[in-house]
Amino acid sequence: MIKGILTIIVCTICILSNAQFDSKDEKRSNYRPGLMWFYSGIRPEKSKHDDVRKYDRLIIDVTYNDWIGDNDLFENHWASIGMNTSLMFDIPLTGRNTVSLGIGVAYQYVNIRHDNKLVIDDAEHTTIYTPKDKYDMFDKSIFSGNSFSMPLELRFRTKNTKHFKFHVGGKIGYQANMLSKRVLLQDGHTERNKRFGFPDENKLLYSAHVRIGIRNWALFGSYNFNTLFSNSNSTQLNLIQLGLSVSLF
């Protein structure tokens, strides 16, 4: 019984360690995480090249968040800072990995300080964006949200280690939540009024993005094709992100 179990375990390890192939059809572990960068399974690697390296597998985008549509771009506060985190497979399409396919999962946090009003009508299922007037007592207003998605990228890079790279891709995902917050400063005290959820928030998101940079660093841009609010009578706003990407491994 014990010998049978050990045999199954050994066979499983051998299969897993040789289950993934590179573009030369050499048996090796292509999807090595950072701590296992040079692990290649039980058998030693056989390659005509030093190594078919993987890049851009854990990416963090620090972004300026804005929207466009019924509202003009760059009218919001500069402190509208958000973040994306992407965990990706880098799948080589050429021998030296100059062209590859990136696919994985991503998390997105959006934060927009607009200092105006999002007027929510639960009865009509609408959300209207409007400038505040002199009678509004709040000091600032913030919109934020969290979402999860599946990105897909086509990646181009030069051969050397400090390579130039260009990524173009898109993602489709789910908007987990949205939040509207107003901050009121009165008599030395800070009051925060929060509203979780919108009656017409768009749960489906789909976007296109690009990255252009060198090795671990890149400029990042993204545009959401879906509007934040699904009701046609609501203010039509499409999310835009501009920022800097860093690839940790």
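The values are calculated or read from the model by the stated rules, or taken from the named source; none is laboratory data. All values derive from a computational prediction rather than experimental measurement. Don't worry about glycine lacking a Cβ; one is built from the backbone with ideal geometry, like all the others, and counts go over all protein chains shown.
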By residue number, the members of the stretch 207-216 that are among the hydrophobic types (A, V, I, L, M, F, W, C) and either at pLDDT 95 or above or assigned to a loop (DSSP other than H, G, I, E, B) (or both) are A208, V210, I212
Could you please give the count of residues in the stretch 146-182 that are touching a Leu at 6+ places or on another chain (Cβ under 7 Å) and either closer than 22 Å to D72 by Cα or outside the structural domain of D90 (by TED's automatic domain parsing) (or both)? 1
Scan the stretch 66-86 residue by residue and report those that are surrounded by fewer than 15 Cβ atoms within 10 Å (Cβ to Cβ) and either at pLDDT 90 or above or among the hydrophobic types (A, V, I, L, M, F, W, C) (or both). L73, F74, W78, A79, T85
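Here is a yes/no grid of residues against (1) surrounded by 15 or more Cβ atoms within 10 Å (Cβ to Cβ); (2) over 26 Å from M150 (Cβ atoms):
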{"site": "G173", "(1), (2)": "yes, no"}
{"site": "A176", "(1), (2)": "no, no"}
{"site": "L184", "(1), (2)": "no, yes"}
{"site": "E191", "(1), (2)": "no, yes"}
{"site": "F196", "(1), (2)": "no, no"}
{"site": "E201", "(1), (2)": "yes, no"}
{"site": "G213", "(1), (2)": "yes, no"}
{"site": "N216", "(1), (2)": "yes, no"}
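Residues are listed down the side, and each one gets a yes or a no for (1) part of a loop (DSSP other than H, G, I, E, B); (2) modelled with pLDDT under 90; (3) within 30 Å of H163 (Cβ to Cβ); (4) basic (K, R):
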{"residue": "M88", "(1), (2), (3), (4)": "no, no, yes, no"}
{"residue": "R96", "(1), (2), (3), (4)": "yes, yes, yes, yes"}
{"residue": "I112", "(1), (2), (3), (4)": "no, no, no, no"}
{"residue": "I120", "(1), (2), (3), (4)": "no, yes, no, no"}
{"residue": "A123", "(1), (2), (3), (4)": "yes, yes, no, no"}
{"residue": "Y129", "(1), (2), (3), (4)": "no, yes, no, no"}
{"residue": "N146", "(1), (2), (3), (4)": "no, no, no, no"}
Out of everything in the stretch 97-154 that is among the charged types (D, E, K, R) and in contact (Cβ under 8 Å) with a residue 40 or more places away in the chain, what residue ends up being nearest to T190 (Cα to Cα)? D139
Of the residues that make up the stretch 148-161, is at least one surrounded by fewer than 13 Cβ atoms within 10 Å (Cβ to Cβ), hydroxyl-bearing (S, T, Y) and more than 24 Å from Y174 (Cβ to Cβ)? yes
Please work out which residue is surrounded by the fewest Cβ atoms within 10 Å (Cβ to Cβ), limiting yourself to the stretch 101-127 and to residues that are under 20 Å from W67 (Cβ atoms) and acidic (D, E). D121
Please verify whether S232 is over 14 Å from the mean Cα position of the chain (by Cα) and outside any strand (DSSP E or B), treating the condition exactly as stated. yes
Among residues belonging to the stretch 53-65 that are in a strand (DSSP E or B) and surrounded by fewer than 23 Cβ atoms within 10 Å (Cβ to Cβ), point out the one that is farthest from the chain's Cα centre (by Cα). Y64
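Residue-by-condition table, conditions (1) part of a strand (DSSP E or B); (2) among the β-branched types (V, I, T); (3) under 30 Å from T94 (Cα atoms):
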site: L154; (1), (2), (3): yes, no, yes
site: R192; (1), (2), (3): yes, no, no
site: F198; (1), (2), (3): no, no, no
site: F220; (1), (2), (3): yes, no, yes
